[in-house]
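This report concerns only the one structure given below.
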Amino acid sequence: MKKRLWVALAVLVVAATLRVAGGAGFWRRYATAMLGGGAETAARLVMPRMRLPGGASELPRATAESELIAAEAVQLAADTARKQGAQALLVHRHGHSVHEYFAAGRSGSTEVEGGELSPALLALSLGALVDAGRLEPRVAIAAIRDATRPGEAWRNPWSAAARRRFTLAPPPAVLLQDLDGSIANTISARLWLPLGAADAALWGVDDSQLRLDCCVVARLADWMRLADLFLQQGNYQGNRVVSPDWIRQLLAADSAGQRHPVWLRKQLPWAGDEPPAARDVYWFDLGTDLRLWLVPRRDLAVLYWAGKGDARDTLVPNIILRGLLDQAPAVSGSTELNDLVPGH
């Protein structure tokens, strides 16, 4: 009897201790972060959700040849992705969808969590206020950095940094200016509807309990729309969403000349046998298994959902880069991998 009592007391103590840090949702998100969960797994943990209204439209499409990409290169990249067990490969150039490969059960409508790209919704929404002269750029940048500042001590689940990372909190006060009914409706009007994106989801309950530094759930196709917006310097399909000047401020260059978003202090590097085949490449990780590569001077976006492979590997994006006919010698009739990626 005493043994059972001690066991019961121990269980109560453990439960109370866990509760101090957070509820079941907190611990699921914490465990996923510790184990390195993928973009689709992270999407399932975004609860509760607020609807981000959209108005889905068709993506503009073009052939590889019309966008001056060797068809052999695109096919080789898709074949390589398939052999590596990839879940998806999407290629856009000049705002057009050039190629899509999806594994069984995947499509452009598959929803994933935005990872390092999620804060872009906050940053771009503030851009509308900056462009209208209602908010100083330095104030907006400071608000973005404050909302996304890292907490290095989050691995201790009882730390303030962990609570900050895995629980809801008030959004930046500057975003509350000129609301169109709610923050979700405001972001929709300023960004999501102009992109023609479908409904997405924000992590939150209302305007006082809402996170915009992470955890936006959207379709693969709509993350590519956001990529095209960055590549086209704030324009999307001929319509200005934010100014080119604001895009340049969001993508400041570091001391080495490498561009990176102001909300990211540190990113995982590239992997593979060689560096990216362009000097102006930057990227966003949408989870541990999905990377969005952007090449501004080539107006190229490559989303690679690695699945069993490594999303950081430069192999697949480099095949596409070396297949650009307006930036490199034309690809011959050979489709050998070594012709496009030397050393393989």
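The values are calculated or read from the model by the stated rules, or taken from the named source; none is laboratory data. Since the model is a prediction, treat every value here as computed from it, not as a measurement. When we count neighbours, we look across all protein chains shown, and the Cβ atoms used for this are built from the backbone with ideal geometry, even at glycine.
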Of those in segment 207-262 that are in contact (Cβ under 8 Å) with a residue 40 or more places away in the chain, assigned to a loop (DSSP other than H, G, I, E, B) and more than 19 Å from the chain's Cα centre (by Cα), the residue nearest to residue 174 (Cα to Cα) is 243
Filter segment 274-296 for residues that are at pLDDT 95 or above and surrounded by fewer than 18 Cβ atoms within 10 Å (Cβ to Cβ); the one that is nearest to residue 117 (Cα to Cα) is 276
For the structure I just gave you, tell me whether residue 37 is outside any helix (DSSP H, G or I), modelled with pLDDT under 95 and surrounded by 14 or more Cβ atoms within 10 Å (Cβ to Cβ). yes
In the set 137, 119, 170, the lone residue that is touching a strand residue (DSSP E or B) at 6+ places or on another chain (Cβ under 9 Å) and in contact (Cβ under 8 Å) with a residue 12 or more places away in the chain is 170
Cβ pairs under 6 Å, 6+ apart or interchain, first in segment 49-69 and at positive phi, second of a type in the set (Phe, Trp, Tyr) and modelled with pLDDT of 95 or more, ordered by first then second residue, are none
### Message
If I filter segment 86-106 for residues that are touching a helix residue (DSSP H, G or I) at 6+ places or on another chain (Cβ under 8 Å), of a type outside the set (D, E, K, R), in a helix (DSSP H, G or I) and buried (at least 20 other Cβ atoms within 10 Å of the Cβ), do I get at least one hit?
### Response
no
Of the conditions (1) within 19 Å of residue 70 (Cα to Cα); (2) without any contact (Cβ under 8 Å) to a residue 40 or more places away in the chain; (3) in a strand (DSSP E or B), the single one that residue 283 does not satisfy is (1)
Screening 165, 134 for residues that are modelled with pLDDT under 95, among the basic types (Lys, Arg) and either surrounded by 16 or more Cβ atoms within 10 Å (Cβ to Cβ) or part of a strand (DSSP E or B) (or both) leaves only 165
Of (1) over 18 Å from residue 42 (Cβ atoms); (2) buried (at least 18 other Cβ atoms within 10 Å of the Cβ); (3) modelled with pLDDT under 95, residue 262 fails just (2)
Boolean, residue 203 is over 23 Å from residue 102 (Cα atoms), out of contact with any His (no Cβ under 6 Å at 6 or more places or on another chain) and either basic (Lys, Arg) or not in a helix (DSSP H, G or I) (or both) = yes
Does residue 148 satisfy being under 16 Å from the mean Cα position of the chain (by Cα) and either of a type in the set (Phe, Trp, Tyr) or modelled with pLDDT under 95 (or both)? yes
Taking segment 312-343 and keeping only residues that are at pLDDT 95 or above and in a loop (DSSP other than H, G, I, E, B), one is left with 312, 314, 322, 323, 325
